[in-house]
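Every number here is computed from the coordinates shown, using simple stated rules; none is lab data. Small disclaimer: the values here were computed from a predicted structure and weren't measured. Counting neighbours? That spans all protein chains shown, and the Cβs are built from the backbone with ideal geometry, glycine included.
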Amino acid sequence: MAADSPDPGEEPPDGPPAPPSRRDETADEPPHPAFAEYATESVPAAAVGSPGKDGRLELRFEVDGNGETNLVRDLVRAPFHVSGTLGHDPLPEAETVYVQSPTGGVAQGDRHAVDIEVGADAVAHVSTQSSQKVLSMARNYAAADVSLSVGSGGHLDYVPEPTILHGDSRFCQSVTLELAPDASAVVGEVVVPGRLARGERFDFERYLSRLRVRRERELLVDDATHLRPADADPSAPGVMGEFAVLGTLYVLTPASGDTSDDAELSDRLHEVTNAETDSDGRGDEDGETVRASATRLPNDAGVAVRALGHRAETVTAALRAAWDEARIELLGVGAPDSRRP
């Protein structure tokens, strides 16, 4: 939704920095050149009464006079649904929202727009109730545009459940994060290249996920995962090798000016992820092994953790160990317990 531009002499409004907007792009313009070949393919009209192709989710969190975070705005359009907030965060003043979807998954032609704003000093955790299934496609593609912003002294955990790519699916996700100088965030992603229990593995057509992080409009991080099995074998050495599941956790830290802070955090996250994956001493043959590592992000932006494994559950567990450690560093308390059984 467009807003009037402020006069040059006006003070900037309170709250989180405005996220970079791409809403003025035409509906037919692909989010990445790699998807241009699909954009011209028309999609059959949906049946009357079926969920809309253009899903929308808007969430805004603000702190009240008691220092507690509240969800002050929620706007949803199918396939998104929000039933309310959950107060189960180990940080009493924080707030949690689980996003639900009543549909069977992401279909061809779907366009999803997600905007999450966390105000000054607010602490919010946003996740999904279940895995996101990207369904098989014959035409066009599906895209998600996720815009996140965190105000001064605020913190956001955006850690959805895994994305499962069905055979012949095409999915492009763009995540932009705008941070105030003293704000922090944790952004997670796990991608599963098929319904592994059914023998699907790298049967999807194209997958692209890109994260861009800015602080005061300065680009700090631009990282992407782009897989197209028909062009390059994902199981090749140096890509995913023997593993099927890929997970990434980005820990974005406040600007401190001390480069040793992120180096120490990187070492700790590397240690806890490997402690999680090696604690039982099992080998590759049981399908439980995870290979994980942590590295500093450029521009003193924080730390990235990557994990490869055979199952979504084991990769998620490794990233959760890193998330828990990072949250202790950033907020003094660990990550919320999972609500999934």
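Label sites at Asp231 and Asp182, each approximated as a point 7 angstrom past Cα along Cα to Cβ, lie 4.5 nm apart.
Counting other beta carbons within 10 Å of each residue's own, what order do His81, His112 fall into, fewest first? Write out the running numbers ahead of the final one.
Values: His81 15, His112 21.
Starting with the residue having the fewest Cβ neighbours, the order is His81, His112.
Which FRET efficiency, nearest 0.05, do Thr40 and Ser293 yield, Cβ-Cβ r, R0 51 Å?
Values: r = 40 Å, r/R0 = 0.79.
So, using R0 = 51 Å, E works out to roughly 0.80.
Annotation for the stretch 220-251 versus the stretch 102-161: alpha-carbon center distance of 20 Å.
With a 10 Å Cβ neighbour count serving as the proxy for reagent exposure, in which order, fewest first, do Val303, Val126, Val82 appear?
Working: Val303 27, Val126 23, Val82 17.
Least crowded to most crowded, the residues run Val82, Val126, Val303.
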